[in-house]
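Peer 1: To start, I am sharing the structure in question, which I have written as structure tokens.
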Amino acid sequence: MAEREDKNGGRAAGKRYKIPTEERLTRSAIHYLDRYSSSAANLQRVLERKVMRAAHFHERDPAEFSEMIEAVVAKCQRTGMVNDVTFAETKVASQRRRGRSQRQIEARLRSKGVSAEIVTQALAKSDTSDLEAAVIFARRRRLGPWRTRGDRADYRDKDMAALCRAGFNFDMARQIVDGSPEDLEPESLGSSTHNNIP
């Protein structure tokens with residue numbers, strides 16, 4: 001059985017890596033995209049890691065395969081398998097449903113290689129504001145008016161800190177922690193909820 005270096009740099013019995021070809025990388029990209037949504041930059045990083053392992057195994061320079069990776073990513077974009085706008089809008093919607101703040105969403109999407117412009121546009125299209133997301137977050141975490149353990153007043157600072165750490169501003173955290181569930185219903189929040197982009 002072929003050997004390869006393990007994580008500690010030693011030789012260990014293990015998987016044989018094939019030399020990357022455009023066809024093999026395309027199959028890898030399709031396999032990845034069947035399981036996960038991805039931005040173009042993230043797909044490129046996934047393929048670069050795959051190439052790095054194979055190149056290391058065959059003692060080749062990973063840079064030899066850079067143009068091949070770019071060609072595969074471009075092909076995925078042309079065919080619509082990868083679309084940063086759609087990726088960002090989908091992620092914003094799912095993250096808002098989970099109570100994520102604008103700041104957190106921006107950081108997550110930027111870490112996936114989505115441009116600031118696309119992130120801003122996706123947030124602007126969202127029907128959920130930061131305040132509504134903060135309410136979702138507080139309800140899920142049982143903060144403020146949804147606290148079920150301990151005296152609510154005793155946990156005020158702790159609950160506000162949790163909201164601030166999640167990326168919500170101080171005034172928003174205070175509004176939620178000091179509010180009542182009735183005041184924080186979507187119909188009660190009214191026009192103040194439409195404040196995704198400052």
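Peer 1: Could you grab the pairs with beta carbons closer than 9 Å, sequence gap of 6+ or different chains, first residue in the range 124-143 and at positive phi, second one open to solvent by 90 Å² or more (accessible area, probe 1.4 Å)?
Peer 2: R142/T148; R142/R149
Peer 1: Just checking, which of A116, A54, A63 is more than 17 Å from the chain's Cα centre (by Cα), among the hydrophobic types (A, V, I, L, M, F, W, C) and exposed (fewer than 13 other Cβ atoms within 10 Å of the Cβ)? Step through it out loud before you land on a result.
Peer 2: Numbers: A116 fails: more than 17 Å from the chain's Cα centre (by Cα); A54 fails: exposed (fewer than 13 other Cβ atoms within 10 Å of the Cβ).
When all the criteria are applied, what remains is A63.
Peer 1: Can you tell me how many residues in the range 175-198 are surrounded by 16 or more Cβ atoms within 10 Å (Cβ to Cβ) and either modelled with pLDDT of 80 or more or not in a helix (DSSP H, G or I) (or both)? Talk me through it step by step, then tell me what you get.
Peer 2: So in the range 175-198, the residues surrounded by 16 or more Cβ atoms within 10 Å (Cβ to Cβ) come out as 175-177, 179, 184, 189, 193, 196.
Applying the additional criterion that residues be either modelled with pLDDT of 80 or more or not in a helix (DSSP H, G or I) (or both) yields 175-177, 179, 184, 196.
Matching residues across the range 175-198 total 6.
Peer 1: Let me ask another. Restricting attention to the range 82-95, does a residue exist that is part of a loop (DSSP other than H, G, I, E, B) and modelled with pLDDT of 95 or more? Even if it seems obvious, please write down each step before you answer.
Peer 2: Restricting attention to the range 82-95, the residues satisfying the condition of being part of a loop (DSSP other than H, G, I, E, B) are 82-83.
After this cut, where a residue has to be modelled with pLDDT of 95 or more as well, the list is 82-83.
Yes, that holds for at least one residue.
Peer 1: List every residue pair whose Cβ atoms sit under 7 Å apart, with the two residues 6 or more apart in sequence or on different chains, where the first one lies in the range 43-67 and is without any contact (Cβ under 8 Å) to a residue 40 or more places away in the chain and the second, anywhere, is surrounded by 15 or more Cβ atoms within 10 Å (Cβ to Cβ) and part of a loop (DSSP other than H, G, I, E, B).
Peer 2: From the range 43-67, the pairs are L43/V82; V51/P20; R53/Y17; A54/Y17; A54/P20.
Peer 1: Condition first: farther than 17 Å from K112 by Cα, part of a loop (DSSP other than H, G, I, E, B) and open to solvent by less than 100 Å² (accessible area, probe 1.4 Å). Now tell me which residues in the range 10-51 satisfy that.
Peer 2: G10, G14, Y17, I19, P20, T21
Residues are listed down the side, and each one gets a yes or a no for (1) open to solvent by less than 70 Å² (accessible area, probe 1.4 Å); (2) not charged (D, E, K, R):
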{"site": "V85", "(1), (2)": "yes, yes"}
{"site": "E89", "(1), (2)": "yes, no"}
{"site": "K125", "(1), (2)": "no, no"}
{"site": "D154", "(1), (2)": "no, no"}
{"site": "R165", "(1), (2)": "no, no"}
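The values are calculated or read from the model by the stated rules, or taken from the named source; none is laboratory data. Note that this is a predicted model, so its numbers are computed, not measured. Here Cβ is always computed from backbone atoms with ideal geometry, including for glycine, and neighbour counts include all displayed protein chains. Side chains are part of the model used for accessible areas, which takes the heavy atoms of the whole protein and leaves out ligands, DNA and RNA. Shrake-Rupley method; radii C 1.70, N 1.55, O 1.52, S 1.80 Å.
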